[in-house]
Amino acid sequence: MNDPLASLVKQIDDTIHTASGKYPGGRRLGSFIIMPDAPGLADQLRGMAKNDSLRHVNLCIGAAPPRYEVNPTADVTVVIYTPGRPGRNVVQANFALRECQFDESTSDAIIAALANVLPK
């Protein structure tokens, strides 16, 4: 995982952690990152989860289910849904990017879109 993407994962975790105590009913908010399998990836993701003390981001390896609306031609797809029960979520933002398009301003836009769906 490259540095800008790793930084985004940490920002997502921190943003969700800040909002998690405000979610009605005390339900736990979470997110997930799905990456295609590659040699050494599992160890890399375990290390990242431990080193960054991720609390609300699950790091997954495999193909995303079709209902997740992941762009098959993008290097990175970020889909932001309204919190709630699976199947009842509404897509609020969808970022489909090539790795070369991924920068700090893109991360800022993703975090802003995430903050818009979380409890204030």
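None of the figures in this text is laboratory data; all of them are computed from the coordinates on show. Predicted model, so just to flag it, every value in this text is computed and none were measured. Note that each Cβ is placed from the backbone with ideal geometry, even for glycine, and that neighbours are counted across all protein chains shown.
Comparing 63, 15, 89 along the charge dipole axis of the chain, the residue lying farthest to the positive side is 89, per the Cβ-charge model.
Label separation (residue 17 vs residue 92): 2.0 nm, computed from points 7 Å beyond Cα along the C-beta direction. Taking Lys and Arg as +1 and Asp and Glu as -1, the other residues whose beta-carbon sits under 13 Å from that of residue 15 total +1. If both residues of a DSSP beta bridge must be in the chain, then about 55% of such bridges are antiparallel. Rounded to 0.05, the FRET efficiency of the residue 113 and residue 43 pair, given R0 = 25 Å and the Cβ-Cβ distance, is 0.20.
Among the helices of the chain, those built from whole DSSP H runs whose Cα atoms reach 18 Å or more along their own axis and whose mean Kyte-Doolittle hydropathy is at least 0.5 are 104-117.
For residue 73 and residue 99, calculate 0.36 nm times their separation in residues minus their Cα-Cα distance, and state this gained length in nm to one decimal.
Full extension from residue 73 to residue 99 adds 8.2 nm.
If the Kirkwood radius is taken over C-alpha pairs of segment 6-120, then at 20 °C and 1.002 mPa s the Stokes-Einstein diffusion coefficient equals 143 µm²/s.
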